[in-house]
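Here is the structure we will look at.
Derivation of every value follows stated rules applied to the coordinates shown; laboratory data play no part. Worth saying up front: this structure is predicted, and the values here are computed from it rather than measured. Cβ coordinates were reconstructed from backbone atoms using ideal geometry, including for glycine residues, and neighbour counts include every protein chain displayed.
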Amino acid sequence: MRALLPAALLLLPAASPVSNLDLEVTGLRNAKGVLRICLTARPDSFPDCKDDPRAVSRTIAATSPKTRFEGLASGTYAVAIIHDANGNKKLDTMLGIPREGFGFSRNPAIGFGPPKFTSACFPLDGETQQVKMRYLL
């Protein structure tokens, strides 16, 4: 029986390393409304977290623009944030141009539309991600 124990231990699934992510939002125009945050590791679910059952969506008060995500599996992630100043649960636009603030991890250059996952992704290593909000109107 003792001879079988080491072999049985090899069949157990390995624990996935976990880490935390501290997120700090800077450059807010004002402290009205909320910040809607999408954290995903799937490129095809960025920037809105759609169709990703493991994505983390969080809403925090704009008056406290810091949050911590705990117990995340190791990997590469990207963050998208909307400053929903009027609290209507969407990014307001005018002729396709955002009227509310937005931001992405790694603060990539913005062209027409959101950046690609590869421009915003980062390896989860326990460091704080600072996201600078941008306002076009």
> If one computes the Cα centroid of the stretch 42-59 and of the stretch 69-137, what distance in Å separates the two points?
Replying inline: 12
>> Please report the antiparallel percentage of DSSP beta bridges with both residues in the chain, rounded to the nearest 5.
In response: 85
>> In whole Hz and in residue order, list the ³J(HN,Hα) couplings for the stretch 37-47 that follow from phi through the Karplus curve 6.51 cos²θ - 1.76 cosθ + 1.60, θ = phi - 60°; x for Gly and Pro.
In response: 10, 10, 10, 9, 10, 9, x, 6, 10, 9, x
>> Which log10 I(q)/I(0) values does the chain give at q = 0.13, 0.16, 0.22 Å⁻¹ under the Debye formula, counting every alpha carbon as one identical point scatterer?
In response: -0.56, -0.80, -1.41
>> Can you work out the Karplus-derived ³J(HN,Hα) for every residue in the stretch 66-72? Use 6.51 cos²θ - 1.76 cosθ + 1.60 with θ = phi - 60°, whole Hz, and x for glycine or proline.
In response: 9, 8, 10, 9, 10, x, 7
> Can you give the extra length, in nm with one decimal, that the chain gains between residue 64 and residue 24 once fully stretched, where that is 0.36 nm per residue apart less the Cα-Cα distance?
Replying inline: 13.5 nm
> For the stretch 16-132: lysine pairs with Cα atoms under 18 Å, gap of 8 or more or different chains, count?
Replying inline: 9
> Can you pull out the cysteines in the chain that have no other Cys Cβ under 4.7 Å?
Replying inline: 121
